[in-house]
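Down below is the structure, laid out as structure tokens.
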Amino acid sequence: MKITKISFLFFFLIVFITLNAQKAIVDSTDHYIELINNPKNTDQLIVSYLFFQQKKDQSIKKDNISISIRSLYFMAEAQFKLGDLYGSETTALKALEFLDNFDKNQSNWYRETKLSIFNHLGKTNRGLYRYQKALKYYEDVLKIAKSPEKRAKAFGNRGKAYAEWGKLELAVLEYEKALKLAAKTKDELLVARLFDNIGEVRSKLNLPEAIDNLQYGLLIRKENKYDQGIISSYISLSNHYFRSGNFKQASYNIKKALKIADASNNIKYKEAVFSDMIDQGDYSRVIEYKKITDSLKVVNIKKDTKYSEAKYNYSKQEKIANEAKLKLKDNELILIRQKSKITLWIAITAFIVLLSIFLFFGLRSKHRKEKLQQVHNTESRISKRIHDELANDVYSAMVQLDNNTAPVSEIVDNLEDIYHKARDLSQEKSTIKNNKEFIEDLKKSLASFNTDETNVIVKGLIADIWIDVSDEKKLAVFRVIKELLVNMRKHSSANLVSVIFERSNNMITMRYVDNGIGSYKKEISKGIGLVNAENRIQTIGGNFIFDKSSEKGLKIMIEIPV
């Protein structure tokens, strides 16, 4: 009996300690910081964001500004990893505003916190393609940072910004400064990353030092057994050899990267390697790449939905609580003022009602006249275009059918052309509401050409590259892509089509490639379809480059200035 009591007490003690230990972990700020720095899934980021949002609101009420600043910083980090770059920038700027108004003594804590916020704003603006602002923030970091490691990272980040901006010579200069400082530190992975980055830039500039830089970066990463870095180094080497025309070495290095990615079974590693393989024309793993990208799209959609719902629910609860407090506080004041203002409110209300009625009928009459005139003008213009562009083609098709003067296939093609003209006329006033809807419409259009016989691979079609692009240019791209795919379906026997989108600085590049029959390219290059497509691109100031050198299939590159 005594043993049973002791066992029971021991069991109770263990349960009590375990529960309290779990509670301590859940309530620990360090726990949520770790979740943000090394998240295993989206839910951990969302929970951590809400934790610091609540902590920030509570600390503001208690006038504990240092905790508020720290909470805002980690909220911004979570938003960045959730893909909310604009929200992340706004939150970080709020933290900076609090910091500047809080500590005027320039303490060590102040300097370190400001350095972290500037670094965050630098990477956020890089993600938004605002490279000048990013460089300015990294310059602010250099004004504060004293240690060789932090200054090396700042110069490395400036090099990355210049490289992404396309200013490769300036990028090399920044990386050289970073490497001199990194040599004074014990951070071998930082040194490896800088050698890989400068090697990649020098490779693009065709400088002979590139290969030594890339191989040295790989060597360090191998010594540290850093798989992600090793994969990145092999990809960089593969791209270097591919640029220089050494396709054998390019293939060798990409296979090395693929072997590690397959062994790790890490989706993001595989996506990076498969993407590079496709860029080099190797479609051997394209089906697996498509499955990975499709699954990541689903994850991102769920992530965005959960994040939006979490923010909405928190804001809603906060609003309800604030409204309840305000009602209790102001109820007596409202009752006191209500009697004295009631006559004034009645007069004002009556005046507003009369004025609203007058404006309503006046504006409605004016709008109705303008609308009728606009409808008349539109109908006249469309009627003229139907007569000029469609009526003659319809009559010609009727004559061909009546006299049997043309093959059935030719008549069908003519009827399909008439249909597309009618479709374009009906969609002439279509507008692009926003980037998200544009991307969705374009994806649906591309997916409609994906059949059992033809596999359409799309890469790089993300909302970020269409930031600041006008509706006119997006609409032109939409119609040109559709024209290319219609030509492909009508004239080729292609079973594989690749459409790749990229953005560098202020230029969007679209590459269209298919493996259609040889005569197909000669046939459509003379047709009105490509002429119309080329005219559309030139109208918006772009370039339409038709590759006539390849013996098989069709290759077209389109460049659109932003």
inquiry  = Please list 3J(HN,Hα) in residue order for the stretch 152-161, calculated via the Karplus relation 6.51 cos²θ - 1.76 cosθ + 1.60 where θ = phi - 60°; whole Hz, with x for glycine and proline.
reply    = 4, 5, 5, 5, x, 5, 5, x, 5, 5
request  = Calculate the spin-label point distance for Ser356 paired with Asp57, positioning each point 7 Å from the Cα along the beta-carbon direction, and give it in nanometres.
outcome  = 3.3 nm
remark   = Once Gln538 and Lys443 are pulled to full extension, the length gained, defined as 0.36 nm per residue separation minus their Cα-Cα distance, is 31.8 nm
key: Nearest-0.05 FRET efficiency for Tyr252 and Leu496, computed from C-beta distance (R0 22 Å)   = 0.35
request  = Rank by packing, highest mean first: peptides 227-236, 137-146, with packing defined as the count of other Cβ atoms within 10 Å averaged across residues.
outcome  = 227-236, 137-146
task = With a point put 7 Å past each Cα toward its Cβ, work out how far Asp282 is from Asn41 in nm, to one decimal.
result = 3.3 nm
query = Does the stretch 145-274 classify as rounded, prolate or oblate by the C-alpha gyration tensor (a ≥ b ≥ c root eigenvalues; a/c under 1.5 gives rounded; else a/b over b/c gives prolate, otherwise oblate)?
reply = oblate
query = If you count, for each residue, the other Cβ atoms within 10 Å and average over each peptide, how do 535-543, 36-44, 92-100 line up from highest to lowest?
reply = 92-100, 535-543, 36-44
remark   = The long-range amide H neighbours of Leu496, using H built 1.01 Å from N in the peptide plane and a cut-off of under 5 Å, are Asn455, Asn515
inquiry  = I'd like to compare 551-559, 261-269: which one has the highest average count of other Cβ atoms within 10 Å, and what's the full order after that?
reply    = 551-559, 261-269
ask   = Using modelled backbone amide H atoms (1.01 Å from N, in-plane), which distant-in-sequence or interchain residues come within less than 5 Å of Met507's amide H?
value = Val562
message = Using a 7 Å offset from the Cα along the Cα-to-Cβ direction at both Thr185 and Asn506, what is the distance between the two label points in nm, to one decimal?
response = 3.4 nm
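Computed from the coordinates by the stated procedures, all read-outs in this text should not be read as laboratory data. These figures come from a predicted structure and were not determined experimentally. Note that each Cβ is placed from the backbone with ideal geometry, even for glycine, and that neighbours are counted across all protein chains shown.
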